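Right, one structure below, let's go through it.
The values are calculated or read from the model by the stated rules, or taken from the named source; none is laboratory data. As the structure is a prediction and not an experimental result, all values here were calculated from the model. Note that we place each Cβ from the backbone using ideal geometry, even for glycine, and neighbour counts take in every protein chain shown.
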Amino acid sequence: MLPTVARVLDLEVMRRGLPQVVAGADHLERPVRWVHVSELPDVAGMLSGGELVLTTGIALPEDREGLARYVRELDEVGVAGLVVEYGRRYFDALPRALVNAAEQRGLPLVTLRRELRFVAVTEAVHALVVNSQLEQLRISESVHHVFNELVVEGAEPPEVVRQVARMAGGPVVLENLAHQVLAHDTAGRPEAEVLEDWERRSRGVRPAGRTGHDPRSGWLVTTVGARGQDWGRLVLVQEPGPLPVGETHPHAMLLERGASALALNRLVVRDRESLERQTHRTLLSGILTHALTVSEAALRAQALGVPLEGRRLVGVVLRQRRGPIPAALEAQARLRDFTELAASAVRASRLSALVGALDDEAVGLLISLGAQQEEHASLDTFSATLRRMSAEAGREGADPAGPVVAVGSSVGSVRDARRTLLEAAQVADAALHDGPGGGRSSYYRLPDVRLRGLLHLLRDDARLQTYVERELGPLLAHDAEHNGQLVQMLRIYLEQGRNKSAAADAAHLSRPSFYDRLHKVERILGVDLDQVESCLSLHVALLALDAVRR
């Protein structure tokens, strides 16, 4: 940190001049970036902010307006303070106009009752500034060293967040674009105090730029992302209050370095699967992303012992039913075990399939059926085997009903393999929120999937989260700031088929009161709720918001 005006006044060389603060005593924490000695009345044009100006006042204006203008120009350029030495122009008091102008603007104004060598003051302060800059470089080097080690060692996000919190000495939270907490460290504070009502509080903090400080909340926020794809924010939670004039936040560099480590972790750290599962996952990913041609996919699968050519292919996606998730980034080991369990169930059912993790929560299978294998019987056998093995494994958090088994339509060529896998993924997301046994058999198929399932599938996509913020962001922010329920009013209106009378009854409000709330919604969002397309867009955004929050 740069030395403050108070720190400079406490220097031995300054104390020899018997300094006395005559104005701006409440602003002595302003940082001093440099010392400038000048007798010019228009010196402000030569300054850039953060300077402590030393003068004897010999050339200062004599009239009130000139003195007030002198102070105003210094304050507007952002000087740290003004020091006037008695003996040349002023002897026992400064002009009242000068003092009043400084007090009104909160500019520290100091008198020196004993003559000093200004060059000695300049040398002493500049030594402090240089030492401060060297200390900042030392801290910067230490921060870079720590986080380079974390990146090289493949540290998981909770460890990165923990390190940022330790070095900053305050709570740190990693959230996604939907303002949901992915990882956090409370730095010794009660967890409820840090995380309570997080989404509403976080939505109200929107500093400019990729890294910014919000004085109202005291939070320091930086965006997390790489390769042009932002996926979250790293937040240092602090007490409300503005930064000193001209000062950047002391932990801005630390937070940005932590965000870089998190972005790199997302790019390079992968679940430590077996080599076989890695190979299967890579092949499934190549099919889903079109990274592999049809012939390449068939050839590589054949090399893995899973023939795809001339067979019926069925995409299957597995998801685990469970209660509250302990932490968003804590499921890697469980997913790895679940993937291996699915591979074991495939072998026990005497099926041939590619088996690999599709994302942080789902396991994908591309089952290859021969001419003699009946589709329903094969899938039923696999589902029963998986549930039995899952129950025998007795994994913590597993639902007694077993995992969700979602199946896509069978296809007859490798070219269509992507379609059956994507269809299965949509089914899985819809079925995950259905009650156990909601499918027509031991597994789920397409009739269980509708719009909610599709939006749930896309809930982690930054584009969907951006769409929700674009459509509903102003309304969500308004509700958060005013503790309102306009989002709920909009939801009721749309769920009642845009029937205002029925919606008013459902909201337990009088019609005029409900109509007034709808008009507020229209003003805040800038939409016309009588237009079908606007309502459709908002309804989809509300369903997407539910999927993101789920």
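Here are the numbers:
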| item | result |
| --- | --- |
| Some residue of the range 465-482 being among the aromatic types (Phe, Trp, Tyr), closer than 27 Å to Ser202 by Cα and not in a loop (DSSP other than H, G, I, E, B) | yes |
| Selected residue (criterion: surrounded by the fewest Cβ atoms within 10 Å (Cβ to Cβ)) from residues of the range 31-58 that are of a type in the set (D, E, K, R) and under 21 Å from Val129 (Cβ atoms) | Arg33 |
| Qualifying residue in the range 496-514 (condition: surrounded by fewer than 20 Cβ atoms within 10 Å (Cβ to Cβ), under 30 Å from Glu423 (Cβ atoms) and more than 20 Å from the chain's Cα centre (by Cα)) | yes |
| Test: Ala25 is farther than 21 Å from Arg88 by Cα, in the same structural domain as Ala120 (by TED's automatic domain parsing) and hydrophobic (A, V, I, L, M, F, W, C) | yes |
| Set Val235, Val205: member being in contact (Cβ under 8 Å) with a residue 12 or more places away in the chain and in a loop (DSSP other than H, G, I, E, B) | Val205 |
| Residues of the range 208-232 satisfying the condition of being assigned to a strand (DSSP E or B), among the small types (Gly, Ala, Ser) and either under 15 Å from Ala263 (Cβ atoms) or in contact (Cβ under 8 Å) with a residue 12 or more places away in the chain (or both) | Gly225, Ala226, Gly232 |
| In the range 1-48, the residues that are outside any helix (DSSP H, G or I) and among the basic types (Lys, Arg) | Arg16, Arg30, Arg33 |
| Counted residues, the range 142-157 - those being surrounded by 13 or more Cβ atoms within 10 Å (Cβ to Cβ) and either on the phi > 0 side of the Ramachandran plot or charged (D, E, K, R) (or both) | 2 |
| Count of the range 359-378 residues which are closer than 18 Å to Leu432 by Cα and surrounded by 22 or more Cβ atoms within 10 Å (Cβ to Cβ) | 4 |
| Sole residue being closer than 27 Å to Gln531 by Cβ and either at pLDDT 90 or above or among the basic types (Lys, Arg) (or both), chosen from Leu458, Leu451, Leu421, Leu486 | Leu486 |
| Inter-residue pairs, beta-carbon under 9 Å, first not assigned by TED's automatic domain parsing to the domain that holds Leu358 and in the range 400-429, second surrounded by fewer than 24 Cβ atoms within 10 Å (Cβ to Cβ), 6+ apart | none |
| Scope the range 78-97; condition closer than 21 Å to Leu9 by Cβ and touching a helix residue (DSSP H, G or I) at 6+ places or on another chain (Cβ under 7 Å); matching residues | Ala80, Gly81, Leu82 |
| Tally of residues being surrounded by fewer than 18 Cβ atoms within 10 Å (Cβ to Cβ) and either touching a Leu at 6+ places or on another chain (Cβ under 9 Å) or outside any loop (DSSP other than H, G, I, E, B) (or both) across the range 293-308 | 7 |
| Those residues of the range 515-546 which are surrounded by 12 or more Cβ atoms within 10 Å (Cβ to Cβ) and either in contact with a Gly (Cβ under 6 Å, 6 or more places away or on another chain) or not in a helix (DSSP H, G or I) (or both), in sequence order | Val527, Leu529 |
| Residues of the range 62-71 that turn out to be out of contact with any strand residue (DSSP E or B) (no Cβ under 8 Å at 6 or more places or on another chain) and crowded, with 16+ Cβ neighbours inside 10 Å, as a count | 4 |
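Conditions tested, residue by residue: (1) of a type in the set (D, E, K, R); (2) not in a helix (DSSP H, G or I).
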| site | (1), (2) |
| --- | --- |
| Ala59 | no, yes |
| Glu65 | yes, no |
| Arg88 | yes, yes |
| Thr122 | no, no |
| Ser140 | no, no |
